Amino acid sequence: MATTQWQKKLEIPGRVFFTEGNGDLSKLKINTAWSEAEVYLHGAHVTHFQKKNEPPLLFMSQFSRFQDGSPIRGGIPLIFPWFGSREGQPAHGFARTQEWELREIAQSPDGQVALRLSLPDSPQAALLPKFTVEYCVTIGQTLAAELIVTNESKDQDLTFENCLHTYFQVGDISAVSVTGLKGVDYLDQTENFARKTERLDHIKVSSETDRIYLDTTAATEIHDSKLQRRIHIETAGSRSTVVWNPWVNKSQQMPDFGNEEFHQMICVESGNVAENKITLPAGKKSSLKIVLSTLAL
């Protein structure tokens with residue numbers, strides 16, 4: 001990977017610089033007074049965020065592929081313009097396997113660092129009504145990410161699904177619970193999308209779990225008694241929350257995921273999928289944002 005002059009001009013000495021990532025892919029390393037982070041241009045993918053004197057916030061598979069055309073396994077994959085599988089098309093859309101364009105790096109007076117990236121034009125994007133996508137990542141005491149879709153068409157609606165498919169690092173899945181979803185209807189993908197209602201305050205994972213919680217805007221939390229921390233997930237512009245852990249059999253079927261890695265991760269994803277997909281009128285804009293913070297348990 002050769003750093004371009006344009007990239008060099010964007011770097012902030014002591015704070016943000018380009019480096020060669022895995023698979024010779026371009027990677028940004030960010031350091032603030034409170035935390036460190038890494039972001040790949042491939043998929044505009046946040047692969048690391050860690051506050052000082054804390055374990056990493058994000059889980060990354062040791063078997064992840066870092067190559068053109070393949071998604072990165074772990075961190076925060078960007079899901080757009082569809083969620084899940086689609087015949088003849090890449091799973092979870094094309095945004096997570098494209099090289100995004102870095103537009104801006106800025107440091108605020110309080111020391112936070114913000115990156116702004118945009119999704120480039122592509123043959124797949126050309127099949128949809130004209131649109132633009134920007135992604136803003138802010139690193140500081142918290143990790144914030146905002147996906148902004150604008151329908152640039154003059155007369156066509158743009159219908160899409162989006163999701164920030166966040167993989168969280170946990171001490172052991174058996175010592176973890178997720179809160180904030182009691183009373184919410186969900187689609188159970190392990191049972192052919194059966195519709196159910198969440199009855200528990202604290203959701204525990206003890207088998208393959210793949211649920212799409214619908215019509216919920218509430219904040220969620222991951223309680224991790226082994227790492228003695230709470231991960232707080234605040235959202236805006238999100239009406240769906242997906243909770244996923246592949247467990248034993250599914251882990252063994254994924255070549256870019258270790259057989260035992262399900263013990264150290266849980267996905268709590270924020271977005272608008274299934275019945276909550278977005279239909280954006282011509283000229284309108286949609287924003288999906290998460291703010292991730294950690295607290296002592």
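The values are calculated or read from the model by the stated rules, or taken from the named source; none is laboratory data. Nothing here was measured: the structure is a model prediction, and the numbers come from that model. Reconstructed Cβ throughout: ideal geometry from the backbone, glycine too, with neighbour counts over all protein chains shown.
Taking (1) modelled with pLDDT of 95 or more; (2) surrounded by fewer than 22 Cβ atoms within 10 Å (Cβ to Cβ); (3) polar (S, T, N, Q); (4) over 17 Å from VAL16 (Cα atoms) in turn, GLN89 satisfies each apart from (1). Pairing each residue of region 94-115 that is at positive phi and touching a residue at least 60 places away in the same chain (Cβ under 8 Å) with any residue that is outside any strand (DSSP E or B) and surrounded by fewer than 17 Cβ atoms within 10 Å (Cβ to Cβ), provided the two are 6+ apart or on different chains, yields C-beta distances under 7 Å for GLY111/ALA33. Only one entry of GLN107, GLN67 meets the criterion of being over 20 Å from ALA144 (Cβ atoms) and surrounded by fewer than 22 Cβ atoms within 10 Å (Cβ to Cβ), and that entry is GLN67. The criterion of being touching a Gly at 6+ places or on another chain (Cβ under 8 Å), surrounded by 15 or more Cβ atoms within 10 Å (Cβ to Cβ) and over 27 Å from ARG96 (Cβ atoms) holds for GLU198. Scoring ASP185 on the criteria (1) of a type in the set (D, E, K, R); (2) over 30 Å from TRP34 (Cβ atoms); (3) in contact (Cβ under 8 Å) with a residue 40 or more places away in the chain leaves a single failure, condition (3).
Would it be correct to say that THR190 is under 20 Å from VAL273 (Cα atoms), touching a residue at least 60 places away in the same chain (Cβ under 8 Å) and hydroxyl-bearing (Ser, Thr, Tyr)?
Details: under 20 Å from VAL273 (Cα atoms): yes; touching a residue at least 60 places away in the same chain (Cβ under 8 Å): no; hydroxyl-bearing (Ser, Thr, Tyr): yes.
Taking the combined requirement at face value, the residue does not satisfy it.
Set side by side, the residues THR97, THR4 differ, and just one is within 25 Å of GLU261 (Cα to Cα) and either surrounded by 15 or more Cβ atoms within 10 Å (Cβ to Cβ) or modelled with pLDDT under 95 (or both), which is THR97. What residue, among those in region 109-145 that are polar (S, T, N, Q) and at pLDDT below 95, is nearest to TYR40 (Cα to Cα)? This residue is SER122. Here ALA33 clears all of (1) modelled with pLDDT of 95 or more; (2) of a type in the set (Gly, Ala, Ser); (3) closer than 30 Å to LYS277 by Cβ except the condition numbered (3). Out of ARG211, ARG195, one residue alone is modelled with pLDDT of 95 or more, within 22 Å of the chain's Cα centre (by Cα), in a strand (DSSP E or B) and among the basic types (Lys, Arg). It is ARG211.
Would you be able to say whether some residue in region 18-39 is in contact with a Lys or Arg (Cβ under 7 Å, 6 or more places away or on another chain), over 25 Å from MET254 (Cα atoms), surrounded by fewer than 15 Cβ atoms within 10 Å (Cβ to Cβ) and hydroxyl-bearing (Ser, Thr, Tyr)? Yes: region 18-39 contains one or more residues that are in contact with a Lys or Arg (Cβ under 7 Å, 6 or more places away or on another chain), over 25 Å from MET254 (Cα atoms), surrounded by fewer than 15 Cβ atoms within 10 Å (Cβ to Cβ) and hydroxyl-bearing (Ser, Thr, Tyr). Looking at region 261-293, which of the residues that are in contact with a helix residue (DSSP H, G or I) (Cβ under 8 Å, 6 or more places away or on another chain) and assigned to a strand (DSSP E or B) is nearest to ALA194 (Cα to Cα)? For region 261-293, the residue satisfying everything is ILE266. Listed by first and then second residue, the pairs with beta-carbon distance under 8 Å, at least 6 apart or on different chains, first residue in region 142-169 and in contact (Cβ under 8 Å) with a residue 24 or more places away in the chain, second crowded, with 22+ Cβ neighbours inside 10 Å and of a type in the set (Asp, Glu), are CYS163/GLU269; LEU164/GLU269; HIS165/GLU269; THR166/GLU269. Residues in region 130-159 that are surrounded by fewer than 21 Cβ atoms within 10 Å (Cβ to Cβ) and among the small types (Gly, Ala, Ser): GLY140, ALA144, SER153. Given GLN189, GLN169, which one is over 15 Å from SER225 (Cβ atoms) and either at pLDDT below 95 or within 21 Å of the chain's Cα centre (by Cα) (or both)? After applying the criteria, what remains is GLN189.
Conditions tested, residue by residue: (1) charged (D, E, K, R); (2) farther than 22 Å from ASP188 by Cβ; (3) assigned to a strand (DSSP E or B); (4) within 18 Å of the chain's Cα centre (by Cα).
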residue: ASP201; (1), (2), (3), (4): yes, no, no, no
residue: LEU227; (1), (2), (3), (4): no, yes, no, no
residue: THR241; (1), (2), (3), (4): no, no, yes, yes
residue: ASN259; (1), (2), (3), (4): no, yes, no, no
